[in-house]
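The values are calculated or read from the model by the stated rules, or taken from the named source; none is laboratory data. Just so we're clear, the structure is a prediction, and the values are computed from it rather than from any experiment. Cβ coordinates were reconstructed from backbone atoms using ideal geometry, including for glycine residues, and neighbour counts include every protein chain displayed.
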Amino acid sequence: MVNVTWHELRKRIHLICFAIFVALPFLNIVRADIPRQRFYFAGFELWINEFGIIFFAMMFLMFLIVASSIFYGRVYCGYLCPQMIFSEASVSLETWVRRKVVRKVGHWKAPKRERLVRAILYLLLGVGSVALAFVFISYFVEPSDLFGRLIAFDIRTAAGISGAAVTILTFLDFAFLRQRFCTTVCPYGYLQGILGDGKTLLVQYRDEGHTCIECRKCVRVCPMGIDIRESPFQIECIHCADCIDACDEILGKLKRPGLIHYTWGEKGELASRRKQPWDAKRAIVLAVLFFYACGLSVALSLRRPVLVRVSPERATLYRIADGRVYNRFRYNIANRGSKPSSVVFSLQQLPAATLAIEQNPVSVTPGESASGTFEISVPAGRQNELVTHFAIIATTLPGQVNDTIPMTFLAPSESK
Ligand code: SF4
Ligand code: SF4
């Protein structure tokens with residue numbers, strides 16, 4: 001059992017989550033860069049066409065939420081959700097401002113004092129909303145680019161208008177909506193009703209001995225304004241455990257145990273006495289999560305920073321000039337890594353062939369693509385077949401990584 005109260009533990013976790021929320025986009029741990037069509041995951045810059053990795057990353061994150069909901073119910077809402085963290089911070093800020101105002105101008109009439117509280121609170125929330133909106137939009141736009149737009153007070157481009165809209169919504173949310181968001185807009189509480197089962201973690205009131213003293217402290221401290229004694233399945237309950245702390249504190253003074261607990265389901269044991277109960281459903285969910293984690297690591301380990309694609313241009317099958325047969329090909333090189341690279345093209349299994357390309361090697365800077373065409377020619381009459389199978393070798397430097405690209409060369413039938 002922890003030595004701190006659930007509330008203290010939750011506040012510490014909130015601080016860690018806040019730091020993670022800010023760090024994720026700035027360190028490119030999770031970020032979708034919409035203007036550049038890139039997805040960042042664990043420091044990797046993924047291109048939008050790297051479907052495999054993005055698929056595994058999405059499925060892994062989705063099953064992580066599913067597993068957490070089946071095992072621990074609404075614990076995500078109470079301990080990890082940014083909406084809840086900032087809603088509670090906004091309520092605490094309001095309490096702090098009110099206390100300060102009462103201390104300084106306690107002799108003012110209550111309505112005048114309240115107007116001052118509101119003015120200071122809205123000013124602070126306004127500044128906070130700009131900062132929060134900045135972090136939030138950084139998940140979708142490069143932070144340095146966004147900072148430039150903020151300094152320039154850009155409200156004309158799409159990114160600038162989105163920034164202004166998110167700032168206003170953030171302000172309205174944390175000034176007025178707060179925890180009401182969880183019961184009106186957020187679908188997660190309803191989803192939990194589907195995912196949870198008879199062994200999912202709950203906050204439950206149990207009073208077989210009828211020892212409740214009706215102090216109602218558990219109701220007063222509840223950030224969602226509900227009475228947990230009515231049911232452990234209320235959609236508003238975010239499993240924050242503030243009511244557990246309240247009851248432990250009140251009944252502790254009477255040397256009695258608290259009446260509200262974390263339990264494994266409605267009929268299950270107290271979570272403080274027994275570890276997570278297991279069944280086939282939980283094992284399967286963990287197995288699926290493990291499968292996607294493995295898929296993601298394999299996809300990341302197989303990832304090549306430089307992707308080379310070559311395709312034949314068959315608008316004209318071939319051309320003949322100066323006693324040679326020419327086929328035209330188009331290349332596309334994507335440098336998805338962080339270092340400059342170059343690609344050298346060469347040929348295999350096509351005797352007497354020459355390759356005519358403007359530059360060989362082709363240089364590509366990090367994060368950019370290069371495309372162009374080249375021609376391969378062989379002496380006319382040297383080919384025995386209409387279609388000759390050969391390979392184009394694309395060697396990526398540095399690292400000397402060879403890509404063997406199977407290709408066909410077409411020549412006129414007279415050359416047989
Ligand atoms: S009922 Fe208890 S656990 Fe549920 S939201 Fe209220 S204080 Fe938190
Ligand atoms: S805090 Fe405990 S004792 Fe007080 S009303 Fe709630 S359940 Fe009853």
Can you name the condition, by its number, that Glu230 falls short on among (1) away from ligand 1 (no atom under 16 Å from the Cβ); (2) surrounded by fewer than 18 Cβ atoms within 10 Å (Cβ to Cβ); (3) more than 17 Å from Gln192 (Cβ to Cβ)? (1)
Index of the failed condition, Cys240 passing every other in (1) part of a loop (DSSP other than H, G, I, E, B); (2) over 13 Å from Arg74 (Cα atoms); (3) in contact (Cβ under 8 Å) with a residue 40 or more places away in the chain; (4) within 15 Å of ligand 2 (Cβ to nearest atom): (2)
For Tyr76, which of the numbered conditions (1) exposed (fewer than 14 other Cβ atoms within 10 Å of the Cβ); (2) closer than 30 Å to Arg274 by Cβ; (3) of a type outside the set (A, V, I, L, M) fails to hold? (1)
Looking only at segment 233-283, count every residue that is acidic (Asp, Glu), farther than 20 Å from Gly193 by Cβ and either more than 33 Å from the chain's Cα centre (by Cα) or away from ligand 1 (no atom under 12 Å from the Cβ) (or both) and tell me the total. 3
Just checking, which of Glu45, Glu88 is more than 23 Å from Thr170 (Cβ to Cβ), touching a Pro at 6+ places or on another chain (Cβ under 9 Å) and in the same structural domain as Arg180 (by TED's automatic domain parsing)? Glu45
Could we say that Ala42 is free of Cβ contacts under 8 Å to residues at least 60 places away in the same chain and surrounded by fewer than 16 Cβ atoms within 10 Å (Cβ to Cβ) here? no
Test result for Ser69, crowded, with 17+ Cβ neighbours inside 10 Å, farther than 30 Å from Ile120 by Cα and either polar (S, T, N, Q) or free of Cβ contacts under 8 Å to residues at least 40 places away in the same chain (or both): yes
Please determine, by comparing only the residues of segment 320-336 that are touching a residue at least 40 places away in the same chain (Cβ under 8 Å) and small (Gly, Ala, Ser), which one is farthest from Glu375 (Cα to Cα). Ala334
Output the residue which, of all residues in segment 213-233 that are hydrophobic (A, V, I, L, M, F, W, C) and assigned to a loop (DSSP other than H, G, I, E, B), is farthest from ligand 2 (Cβ to nearest atom). Phe233
From the list Leu317, Leu350, Leu355, exactly one residue is under 15 Å from Pro412 (Cα atoms) and either more than 38 Å from the chain's Cα centre (by Cα) or without any contact (Cβ under 8 Å) to a residue 12 or more places away in the chain (or both). Which is it? Leu317
Just checking, which of Tyr262, Tyr205 is out of contact with any Asp or Glu (no Cβ under 9 Å at 6 or more places or on another chain) and not assigned by TED's automatic domain parsing to the domain that holds Leu121? Tyr262
Give the residue that is surrounded by the most Cβ atoms within 10 Å (Cβ to Cβ), with candidates limited to residues of segment 213-224 that are of a type in the set (D, E, K, R) and within 16 Å of ligand 1 (Cβ to nearest atom). Lys217
Could you check Asp207 against (1) within 11 Å of ligand 2 (Cβ to nearest atom); (2) closer than 29 Å to Thr95 by Cβ; (3) in contact with a Leu (Cβ under 6 Å, 6 or more places away or on another chain) and say which number it fails? (2)
Out of curiosity, is Phe176 modelled with pLDDT of 85 or more and in contact with a helix residue (DSSP H, G or I) (Cβ under 8 Å, 6 or more places away or on another chain)? no
Against the definition (in contact with a strand residue (DSSP E or B) (Cβ under 7 Å, 6 or more places away or on another chain) and outside the structural domain of Arg36 (by TED's automatic domain parsing)), how does Pro232 come out, yes or no? yes
